[in-house]
Amino acid sequence: MADSTATIDAALMDRWIRAFAAAVAENAEMLTRLDSAIGDADHGSNLARGMKAVLAKLDGSPPENPAALLKLTGMTLVSSVGGASGALYGTFFLRMATAAGTAESLDQAGFAAALRAGVDGIVARGKAEAGDKTMYDALAPAVDALDGALGGEDFPAALRAAADAAATGRDATTPLQARKGRASYLGERSIGHQDPGATSAALLIAAAADTLA
Ligand code: ADP
Ligand code: MG
C-alpha cells in the first residue's frame, strides 16, 4: 500500500512551485527555441516572467495553506503572462486550488485529485484532446500514471512514474501535427518539432517528483 501518512502542506507546495520556477528559468532559452520553430518564440520568456512574478508574490506574503498558494500562483500567471500558456497554466493552478479546498495539507490521493482537477481545467479552457500536440499530451499521461501507481507504489515511486509518463508524452508530441494553438496554423509544417508547452509541463511534473516525496 502507498504510505498514506505523507502530507503536502503549504511549505512543501512552495518547494514544488519554486523548483518549477527554477527549471523554467534554467530552460527558458530552450523553451523559446522550441516555440520559435512552431510558434512565436515566447514560451520560455513568457513562463519565466510569470514564475518570477509568482516568486516575488510568495516572498512577499507566504500563503498559509496549499489552496492559497496555488491560487496566488494561478492568479499571478494569468495576470503576468501573455499568450495561451498564461491562461492555461493559470487555470491549472486555480482549479488545483479549488480542489484543495481549505485543507491544511493534502494527502497523496488528495494531491493526485487536485492535479487531475487542474488538468481538467486546462481542457475546459483550451479544449485540447489527446494527440493535439499541446501541454495536455504531457499532463494527461502523468495524471493517469499517478493515479495508477498510487494504489500499489509508495508516493515517491508514483510521482516518478508520473514524471516519466510526462516525459514520454512530451517526446511523443514531436511527430504530431498541431491541432490547437498557434502551432496549428502551420498545419503539416508543425510535424517534427517537440511542443514547447508539453516540454514545460514535463518540467512541472518532474519538479513535483523532485520535491514532493
Ligand atoms: P502562445 O502560443 O500564445 O504564444 P505560449 O507560446 O506561451 O503561448 O505557449 C504555447 C503552448 O501552449 C503550446 O506549445 C501548447 O502546448 C500550449 N497550448 C496552446 N493552445 C492550447 C490549447 N488550446 N490547449 C492546451 N494547450 C495549448
Ligand atoms: Mg508562443
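Below, the figures for the structure above:
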item: Single residue of 118, 126 found to be at pLDDT 95 or above, within 16 Å of ligand 2 (Cβ to nearest atom), within 24 Å of residue 71 (Cβ to Cβ) and in contact with a helix residue (DSSP H, G or I) (Cβ under 9 Å, 6 or more places away or on another chain); result: 126
item: Number of the exception - residue 115 against (1) of a type outside the set (Ser, Thr, Tyr); (2) under 23 Å from residue 44 (Cα atoms); (3) under 14 Å from the mean Cα position of the chain (by Cα); (4) surrounded by fewer than 24 Cβ atoms within 10 Å (Cβ to Cβ); result: (4)
item: Residues of segment 142-178 satisfying the condition of being over 17 Å from residue 37 (Cβ atoms), touching a residue at least 40 places away in the same chain (Cβ under 8 Å) and either polar (S, T, N, Q) or in a loop (DSSP other than H, G, I, E, B) (or both); result: 151, 152, 153, 154
item: Of residues in segment 157-191 being under 20 Å from the mean Cα position of the chain (by Cα) and of a type in the set (Val, Ile, Thr), the one surrounded by the most Cβ atoms within 10 Å (Cβ to Cβ); result: 173
item: Filter result for the condition that a residue is surrounded by fewer than 19 Cβ atoms within 10 Å (Cβ to Cβ) and not hydroxyl-bearing (Ser, Thr, Tyr), over 154, 137; result: 154
item: Residue 187, sole failed condition from (1) at pLDDT 95 or above; (2) in contact with a Pro (Cβ under 8 Å, 6 or more places away or on another chain); result: (2)
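The values are calculated or read from the model by the stated rules, or taken from the named source; none is laboratory data. All values reported here derive from a predicted model rather than from experimental measurement. Cβ atoms come from the backbone with ideal geometry, glycine included; neighbour counts cover every protein chain shown.
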